[in-house]
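*Asks:* My questions all concern the structure below.
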Amino acid sequence: MHRVHIATFFTPDAPPSREESSESTANTLRELYAYPEDTRRPWVRVNFVSSIDGAVSVDGVSGALGTPADKLVFDTLRELADVVVVGAGTVRAENYGGVRVGAEGRRRRAESGMAEVPPIAVVSARALLDPHSRLFTDTEVPPIVVTCTGADPARVQALADAGARIVTAGAGQVTGAGLISALDDLGLRRVLCEGGPSLFGQLTHDDAVDEVCLTTAPVLVGGTAGRVATSPHARTTAMTPAHILTDTDGTVLTRWVRLPRP
Ligand SMILES: NC(=O)c1ccc[n+]([C@@H]2O[C@H](COP(=O)([O-])OP(=O)(O)OC[C@H]3O[C@@H](n4cnc5c(N)ncnc54)[C@H](OP(=O)(O)O)[C@@H]3O)[C@@H](O)[C@H]2O)c1
């Protein structure tokens, strides 16, 4: 067993003698979370925050689990991604708007040949999204809706009229392979999936996850909140740690990478 002790400091009350400047921390995080250089095939990264006792939400949303370190990593991961994929349940629960990227982030993205702002791609079998919600009204770039042939055509049309790019992948459900192929066709290969648990469960079941970034927030929650991935059938995928970081407030940030496929 290894005792991991890699101290990084994000919170303002970190001991000055060991504190990194926020700029240097941000640079370090961009390096630690860099996607593989070879982008010929999509790389699927999933990011979640959970309480110590495994809850993914408090009163139906994840906001109460956030910490300064988690927020910094959350924003860093968004800056590094071509697309932010999320399930419709999370969009509905969290009232998702478009991704925001600051001026420096935009410059870095443009310099590396990326769009200045990544789109949100929502996976929704039923195309059950409110065309007047923030997803459509509070965004700089049009969202993508990945839906199924079984979705109500009137709903799909309403989302297209609200500005969404509609992608159809599958009949009653979007599989991991179907999602990856659809994003690949759009040239979106640095994939960041922000959940939720049903979508992550599907991707896990389909062996479509290359990497998991998991924050453990230093709180106990109890209650009835679910865990980070749920699916009808279990499937074990071996992962190896790329890094484990800690913050002074007790936040633990882990990055797990799938062992190479044979
Ligand atoms: N702690 C965290 O980091 C974190 C992250 C994300 C979410 N959450 C929490 O998780 C909860 C939501 O959980 P959830 O399981 O409902 O989230 P979800 O996976 O985002 O949403 C489920 C919905 O997404 C669509 N969907 C998911 N997988 C699909 C597939 N393979 N094919 C087609 N459609 C698919 C379906 O939408 P339609 O019904 O429209 O067909 C389904 O009803 C919220 O409380 C949220 O706050 C926490």
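*Asks:* Restricting attention to segment 157-177, does a residue exist that is under 28 Å from LEU32 (Cα atoms) and either open to solvent by 10 Å² or more (accessible area, probe 1.4 Å) or among the basic types (Lys, Arg) (or both)?
*Replies:* Within segment 157-177, one or more residues are under 28 Å from LEU32 (Cα atoms) and either open to solvent by 10 Å² or more (accessible area, probe 1.4 Å) or among the basic types (Lys, Arg) (or both).
*Asks:* Please determine, by comparing only the residues of segment 131-156 that are open to solvent by 40 Å² or more (accessible area, probe 1.4 Å) and in a helix (DSSP H, G or I), which one is nearest to PHE200 (Cα to Cα).
*Replies:* Of everything passing the filter in segment 131-156, ARG134 is nearest to PHE200 (Cα to Cα).
*Asks:* Here is a further query. Considering every residue within segment 107-120, establish whether at least one is buried (at least 21 other Cβ atoms within 10 Å of the Cβ), within 11 Å of the ligand (Cβ to nearest atom) and modelled with pLDDT of 95 or more.
*Replies:* No, segment 107-120 has no match at all.
For every residue, the table says whether it meets (1) touching a strand residue (DSSP E or B) at 6+ places or on another chain (Cβ under 7 Å); (2) at pLDDT 95 or above; (3) open to solvent by 40 Å² or more (accessible area, probe 1.4 Å); (4) within 16 Å of the ligand (Cβ to nearest atom).
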| site | (1), (2), (3), (4) |
| --- | --- |
| PRO12 | no, no, yes, no |
| PRO15 | no, no, yes, no |
| GLU20 | no, no, yes, no |
| ASP53 | no, yes, yes, yes |
| VAL56 | yes, yes, no, yes |
| ARG92 | no, yes, yes, yes |
| ARG100 | no, yes, yes, no |
| GLU104 | no, yes, yes, no |
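*Asks:* Another question, if that's okay. Being surrounded by fewer than 17 Cβ atoms within 10 Å (Cβ to Cβ) and modelled with pLDDT of 95 or more, is that true of even one residue in segment 202-213?
*Replies:* Within segment 202-213, one or more residues are surrounded by fewer than 17 Cβ atoms within 10 Å (Cβ to Cβ) and modelled with pLDDT of 95 or more.
*Asks:* Which residues, counting only those in segment 71-90, are open to solvent by less than 20 Å² (accessible area, probe 1.4 Å) and either out of contact with any helix residue (DSSP H, G or I) (no Cβ under 9 Å at 6 or more places or on another chain) or among the hydrophobic types (A, V, I, L, M, F, W, C) (or both)?
*Replies:* Correct list: VAL73, LEU77, ALA81, VAL83, VAL84, VAL85, VAL86, ALA88.
*Asks:* If you take the residues in segment 58-70 that are assigned to a helix (DSSP H, G or I) and open to solvent by 30 Å² or more (accessible area, probe 1.4 Å), which one is farthest from the ligand (Cβ to nearest atom)?
*Replies:* Per the criteria, the residue is PRO68.
*Asks:* Next up: Of all residues in segment 194-213, count the ones that are near the ligand (Cβ under 9 Å from one of its atoms) and either touching a residue at least 60 places away in the same chain (Cβ under 8 Å) or among the polar types (S, T, N, Q) (or both).
*Replies:* 9
*Asks:* Under 7 Å by Cβ, and 6 or more places apart or on different chains, what pairs join a residue from segment 160-175 that is at pLDDT 95 or above with one that is buried (at least 17 other Cβ atoms within 10 Å of the Cβ) and among the polar types (S, T, N, Q)?
*Replies:* Pairs that qualify, where the first residue is at pLDDT 95 or above and the partner is buried (at least 17 other Cβ atoms within 10 Å of the Cβ) and among the polar types (S, T, N, Q), are ILE166/THR147; THR168/THR147.
*Asks:* Mind telling me which of the residues ARG134, ARG227, ARG165, ARG189 ends up being away from the ligand (no atom under 12 Å from the Cβ), of a type outside the set (Phe, Trp, Tyr) and within 17 Å of the chain's Cα centre (by Cα)?
*Replies:* Only one candidate qualifies: ARG189.
*Asks:* Of everything in segment 157-186, what is among the β-branched types (Val, Ile, Thr) and not in a loop (DSSP other than H, G, I, E, B)? Give them in sequence order.
*Replies:* Passing the criteria: ILE166, VAL167, THR168, ILE180.
*Asks:* Those residues that are open to solvent by 30 Å² or more (accessible area, probe 1.4 Å) and in contact with a helix residue (DSSP H, G or I) (Cβ under 9 Å, 6 or more places away or on another chain), I need them from segment 182-200; list them, please.
*Replies:* ARG189, ARG190, PRO197, SER198 - these are the residues of segment 182-200 that are open to solvent by 30 Å² or more (accessible area, probe 1.4 Å) and in contact with a helix residue (DSSP H, G or I) (Cβ under 9 Å, 6 or more places away or on another chain).
The values are calculated or read from the model by the stated rules, or taken from the named source; none is laboratory data. In this text the structure is predicted, and so the values were computed from the model without any measurement. Cβ coordinates were reconstructed from backbone atoms using ideal geometry, including for glycine residues, and neighbour counts include every protein chain displayed. Ligands, DNA and RNA are stripped out before the accessible areas are found, and what is left, the full protein with its side chains, is counted by its heavy atoms. Shrake-Rupley method; radii C 1.70, N 1.55, O 1.52, S 1.80 Å.
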